[in-house]
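Laboratory data are not the source of any read-out in this text; all were calculated from the coordinates shown. Nothing here was measured: the structure is a model prediction, and the numbers come from that model. A quick note on method: Cβ atoms are made from the backbone with ideal geometry, for glycine too, and the neighbour counts reach across all protein chains shown.
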Amino acid sequence: MSETITVNGVSQPLPDDVRVSLLDFLRQHLGLTGTKKGCDHGQCGACTVLVDGFRINSCLTLAAMHADQEVTTIEGLGTPEDPSALQRAFVEHDAFQCGYCTPGQICSATALLEEIRSEWPSDASDDLAAPTLTDEEIRERMSGNLCRCGAYANILAAIRQVAEEDA
Amino acid sequence: MRPFDYIRATDPTDAAERTSAPGAMAIAGGTNLIDLMKLQVETPDTLVDVGRLDMGSIEEAGDGLRIGALVTNTATAVHPKVRADYPVLARAILAGATQQLRNKATTAGNLCQRTRCTYFTNIDQPCNKRAPGSGCGAMGGVARLHAILGTSDQCIATYPGDMAVAMAALDAHVHIQGGRGGDRQVPVREFHRLPGETPWQDNVLESGEIITAVTLPLPVKGKQIYRKVRERSSYAFALVSIAAIVAMDGGRIARADLAFGGLAHKPWHDPRLADLLVGEAPSPALFEKAADVLLDEADARGGSEFKIPLARRTLTAVLTEATETRT
Amino acid sequence: MTAHLKQDGPVDRAHLDGMQQGLLGKAVPRIEGYAKVTGTATYAAEYDVADPAEGVLVTATITKGKVTYIDNDAALAMPGVLAVIADARMTTRPAQGTAGEAPEQEPQSVSYWGQPIAVVVAETFEEARNAAKHLVVAYEADADVDLDPAAAQPEPQDGQAVEMGDLTAAMDAATHSVDLTIETDGHASAAMEPHAAIADWDGDNLTVRASLQMLNYNIAELADALGVEEDNVRLISRYVGGGFGSKLGISEEVVAAALAARQLGRPVRVVMSRQQVFQCIMRRSETHQRLQLACDAEGRLTAFGHHARVSNLPGESFAEPVLQSSHFLYGAENRSLGMDLVRIHRMTAGSVRAPGEAVGMPALEMAMDELAEKAGIDPVAFRLRNIPGENPEEDLPFTSHTLADCLRQGAEAFGWDDGPRRPRMRREGDWWIGTGMASAARVHNVSEAKARVRLTAEGRAVVQTDMTDLGTGTYTILAQIAGEMLGLPIDRVTVELGDTNHPRGPGSGGSWGAASIGSAVYLACKALREEIARRANTGEAELGLKDGAVAGGRTLVDLLGGEALEEVGHYEPGDNQDAWTASGFGAFFAQVRVNHWTGEARVDRMLGAFGFGRVLNEKTARSQCLGGITWSIGAALTEALHFDPRDGHLANPDLAEYHVPVHRDVQDVEVLMLEERDPLASAIQAKGIGELGMCGGAGAIANAVYNACGARLRELPMTPDRILAALPE
Ligand SMILES: Cc1cc2nc3c(=O)[nH]c(=O)nc-3n(C[C@H](O)[C@H](O)[C@H](O)COP(=O)(O)OP(=O)(O)OC[C@H]3O[C@@H](n4cnc5c(N)ncnc54)[C@H](O)[C@@H]3O)c2cc1C
Ligand code: SF4
Ligand code: FES
Ligand code: FES
């Protein structure tokens, strides 16, 4: 297939084998191993990436389904030398331990901030029309990213800080 | 995952045609189908990607709201009209899965999602739904999460979704294109089937038929509630869920459209409930009676007995809240 | 040179605290933090190894019996398939922690459903997975299989048994007593990184990048399994995506990858699917526990009975050590403790975070709550009354004891109401609100450890050991210890972990990692200080080092004189381990809400107060405790392995149906760290902290559930079905 996909701003040819998930394409074909595989079945969130700005589980989609779309992975959000505000806040608040869920958490949180700006409601919203940014909102919206190390309380603190800086 | 051909459909007619070929399946968001393909539960020869068809918008029709088959669950839940007029639907969607999954999941895919019975998803276990005639592994096995209504000797699986439960309460209609019968409309309440003797058929779609949209009727007055009971506070399928649209008039119940998730092979809708409730003054005794009716044929065939009292209590809770009855 | 300490008695309390860098104990951010948050930290499956083939394990679909035939030819005819391997050296179970030898091998012999029996290797992952799913295998199944722990023949574990006084008589005579049975379901570690290995041979030398906790044992396990010398094996685990016991011993994919790579003469990567991780790695055994407690009118315990039944596969010696802390936590003259192990054919039972106390302590603390209620005594006061001055069973003094402080300070910080307690005293809307508490205890161990510390001529320190960092903070605390001792800011310390080419650490497990390896680094640094002191014409104790400067005006670089210095620290436990009772202690306080319609329970607020010796890094130590509390919530409310009663297969082998807590399950959690110096605990006066946070926590939640709604549960986790069933009308 001569179709392409854009990953972190770089156009890449799609894999020949259509079975390749977007996640395996990133990790194995492009060597972008920042995106993690925790379950391969949409059950953990470790593989979260942004596609055209929306967060999705890259394990439950085929690379081929994303021809001409733009994917942003953790590597596209910041580097050790030039981290994003969320990446910095995660370090500062010790919002991870083993670090395996972390790229997914940060991709999710990056999208979350945008979703809140767009006033999308969540299961935790009292008012569907005008959700407010409570801790409970952040917890619910981050519930698609499991952290077995149990860093949730610190993840919340990190996101909260950046959300408040943003506001 | 087996090798397969991947093609993109060019329009709904093309999609219908291509999916009518043996071994062909439509793929939309892929969050259910790819999951099952990795487990070798689904083994299509051809994947027809319908994802880029022009079925991705929500439009106001004269008689309600038309939600395209490819509208993502997120787009439906955040749509201002849905939030304002059909909050039960927004709530049901938001109670399901996660933001990441809802961003990918589509209207049609969500309706067609398959059961989460773990014998179904394990190809090394018997399952009449996956491998007709192989037996039902869940019966006599671990079946805590299984159905208590409308089961058969063949299968006790549940339909796991949330969105469709709200749609059943709202009496939405599924629009179907292609197939021998041409275009048709099926009420969501009749879209999913009971397992009966053919548990491999989840719904009424026939080969070569694709879903193009779901239409919601004009908004109705009343309180809308979606209550989902689950084992953790998020990211879990329903043990029991209830979508309720309840209106009061002069201290009496004027409308009681109820649908239930987690109890059956389909979003459960029992017309006897509205018959019983409408016109009555709400009271705990009335709610008990409603639960009696709902559960009169309830039958747990393995480990899911608890759903009987749980459904009863959740129904009482929802009706209490909806009618603002004091307890 | 090697600086060695075998610790038989207390170390000098003041030495480490006399250092001047001011780094140790501080809330220093993780030194590997930016690698983790930017996705540049490399986990097992992610090493850039040239052209690896991909292996996928094939697992048994019978419970017990023999593999009689594998259709290799059909598989080899599939696209991309390179090999089907069912080598007799393949392992069929994970090695138990600290085994140091190969676990069960011979994959053709099946002893549990889901056991690895072969590995299919192909050019790509897709090809390998597809071929593995298609592999045709014939079996001869053995119909005689024990699957039900309640029905199997118990094997008493004599080492655990204690009989003192007369329990039955004391129970009969007591003013108040409880006799209850509590069952806990099995747990999975469910570390987020699935088990993975990339094996690569260079002649007879094997390198395996894997996700393992204890390379010091794993190297021996792997060498033994393959029948090669340890010297020919190198293991690398720089980053481990969580372990919690599941990566203590080598697991099946490590050996499979090594054998496949040997056979193909090319690197092979084998990554377990999430389902395989559930099915063929460790489970925590389900437990069946009987608690018999009695007290006098003043609430002093007179009888203490704790009996447990746990299970494992035939051939495994591990038995979930449920009674571990029960032996010393509370006094009572009449004691009876005993353990039975039953043999059933479920996957291997082994260590899952806080083996023993994670399930034993909650059960004990649930019984304590009932007894306190019967005696009409506030549960905090009841525990305070029963803290023994000395180990009630053996003449082994406590190295330190912080339970009373944890109870008191925890109660205060939580705002514990010590007034009369009755269920259903508080209701908000559809929810009953209640509080509960429990003690925490986790035995403290140390283990032999070696670490090398090199001071480069430029005045940088490099710490090297094969110790791993599972997220516990090892990288950072070792940098802090070295920086503190050598007077260097943290950015002048490099820590290299997870490579068996470095000196052997203690391995990360049993919460002993930090205290043991920290002690080794401390010893190495102390020896380096002696040399520096010699050059500065002063004594080691008097040597002042800070920010690379030496008190008296010289600099470290100056004293090094263009030459690097190197020392290996070697720490060994001695009498401190055998002649004392060493434990971390703590207390949990929980506020819970229970929905009166549906029986859903949520933890609104939870506080843990913990005493575990020196806090090495306030941030990472707190995180460990938060993790433990999160696990407590899972054990209390959501986590349960469900096994099919007919073939013993795990019916919920994934993260959708095995419910680890999600973010929303963890509400307001607080940690109080009661810092102390325990000079008998380790050379750095620190104890283990990784597990204490879940040793009893589920009990506090269960007690709060009772206080909220009046349901005394006898089973954990407390899912809505169980709460509804236990709810009094
Ligand atoms: C871990 C996890 C948790 C989840 N939790 C929940 C939950 O709590 N509640 C809930 O409701 N759901 C839940 N889901 C399910 C999720 O909502 C579904 O996977 C999703 O809605 C499917 O939509 P899709 O577009 O991705 O479907 P696909 O995977 O693309 O398709 C699913 C099926 O629909 C068919 N199909 C797709 N489009 C059409 C069409 N136009 N016409 C005809 N047939 C079509 C496909 O052929 C396929 O058989 C969960 C999923 C996962 C993985
Ligand atoms: S309940 Fe239905 S889906 Fe589950 S094993 Fe039985 S037949 Fe299959
Ligand atoms: S790897 Fe995609 S959700 Fe777990
Ligand atoms: S940091 Fe380890 S799983 Fe989240």
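Quick notes
- Inter-probe distance in nm under a simple model that places probes 7 Å from Cα toward Cβ, at residue C:404 and residue C:76: 7.4 nm
- Extended-chain gain in nm, criterion 0.36 nm per residue less alpha-carbon gap, residue B:325 and residue B:183: 46.7 nm
- Alpha-carbon gyration tensor eigenvalues x 5, square-rooted, for region C:64-173, Å: 45, 17, 12
- Taking the number of Cβ atoms within 10 Å of each Cβ as an exposure proxy, the fewest-first ranking of B:221, C:546, C:526 is B:221, C:546, C:526.
- Across peptide C:38-50, the mean count of Cβ atoms from other chains lying within 10 Å of each residue's own Cβ comes to 6.
- Compared with the direct C-alpha span, the chain from residue C:538 to residue C:555 gains 4.7 nm at full extension, assuming 0.36 nm per residue.
- Taking the helices alone, the protein assembly as shown has a mean residue ellipticity at 222 nm of -7500 deg cm²/dmol, built from -39,500 (n - 2.57) per DSSP H run of at least 4 residues and averaged over all its residues.
- All C-alpha to C-alpha distances of chain B, sorted into 10 Å bins beginning at zero, yield P(r) values of 6, 27, 35, 24, 8, 1, 0 percent in whole numbers.
- Packing-based exposure ordering (other Cβ within 10 Å, fewest first) of C:109, A:108: C:109, A:108
- Here the convex hull built on the C-alpha positions of region A:85-166 has a volume of 76 cubic angstrom per residue.
- Among the GluC sites (Glu not before Pro) in region C:360-460, those placed in a DSSP loop whose Cβ has at most 14 other Cβ atoms within 10 Å are C:390, C:394, C:458.
- Once divided by 2.2 N^0.38 Å, the Cα radius of gyration of region C:199-262 becomes 1.01.
- Environment charge at residue C:612 (Cβ cut-off 13 Å; Lys +1, Arg +1, Asp -1, Glu -1): -1
- Distant-in-sequence amide H partners of residue C:494 (H built 1.01 Å from N, under 5 Å): C:461, C:462, C:463
- Per-residue mean of C-beta atoms belonging to partner chains within 10 Å, peptide B:35-46: 3
- Based on C-alpha pairs under 8 angstrom that are at least 6 apart in sequence, region A:1-75 has a relative contact order of 39 percent.
- Backbone N under 11 Å from the residue C:123 label point (7 Å along Cα→Cβ), restricted to region C:260-285: none
- Region C:128-151 residues near the modelled residue C:181 label - backbone nitrogen below 13 Å, point 7 Å along Cα→Cβ: C:149-151
- Here's the list of lysines a cross-link from residue C:66 could span, going by alpha-carbon distance under 20 Å and ignoring same-chain residues fewer than 8 apart: C:133.
- Cα gyration tensor shape of chain C, rounded if a/c is under 1.5, else prolate or oblate by comparing a/b with b/c: oblate
- At 1.567 mPa s and 4 °C, Stokes D of region A:4-77 from Kirkwood alpha-carbon radius, µm² per second: 110 µm²/s
- Zone residues, region C:36-52, relative to residue A:16, backbone N less than 17 Å from point 7 Å out along Cα-to-Cβ: C:51-52
- Shielding by other protein chains, C:191-201, mean Cβ within 10 Å: 4
- For q = 0.12, 0.21, 0.22 Å⁻¹, Debye-computed log10 I/I(0) when each Cα of region B:8-141 counts as one equal scatterer: -0.57, -1.19, -1.24
- Close Lys pairs in chain B, defined as Cα atoms under 24 Å apart and 8 or more places apart or on different chains, number 18.
- When Rg and the Kirkwood radius Rh are both evaluated on Cα atoms of region B:223-323, their ratio Rg/Rh stands at 0.96.
- Straight-line reach from residue C:526: taking Cα to Cα under 22 Å and skipping same-chain neighbours fewer than 8 places apart, the lysines in range are C:6, C:26, C:450, C:546, C:687.
- Efficiency of FRET between residue A:92 and residue A:52 - r from beta-carbon atoms, R0 51 angstrom, step 0.05: 0.95
- Fewest-first ranking of B:46, C:399, B:98, using other Cβ atoms within 10 Å as the exposure measure: B:46, C:399, B:98
- With the simple model of a label 7 Å out from the Cα in the direction of the Cβ, residue B:153 to residue A:160 spans 5.9 nm.
- Cα extents for the protein assembly as shown along the principal axes, largest to smallest and rounded to whole angstrom: 97, 76, 66.
- Rounded to the nearest 20 debye, the dipole size of the protein assembly as shown about its Cα centre is 1760 debye, using +1 on the Cβ of Lys and Arg and -1 on the Cβ of Asp and Glu.
- Among C:53, C:207, C:334 - extreme Cα towards positive end, dipole of the protein assembly as shown, charges at beta-carbon: C:334
- Length-normalised contact order for region C:479-563 - Cα pairs under 8 Å, 6+ apart - percent: 32 percent
- Computed label-point distance, nm, for sites residue C:530 and residue C:579 using a 7 Å Cα→Cβ extension: 2.3 nm
- In the calculated pair-distance distribution of region B:5-49, the portion above 11 angstrom amounts to 62 percent of the Cα-Cα pairs.
- Computed over region C:309-389, relative contact order equals 39 percent, with contacts defined as Cα pairs under 8 Å that lie 6+ residues apart.
- Computed extension length for residue C:232-residue C:425: 62.8 nm, one decimal, from 0.36 nm per residue of separation with the Cα-Cα distance subtracted.
- Packing, as the average of other Cβ atoms within 10 Å across residues, places the peptides C:244-252, C:211-219 in the order C:244-252, C:211-219, highest first.
- Helix A:152-166 axis versus longest C-alpha principal axis of chain A: approximately 90°, rounded to the nearest ten.
- The fraction of all Cα pairs in region B:1-81 landing in successive 10 Å bins from 0 to the largest distance is 18, 41, 29, 12, 1, given as whole percents.
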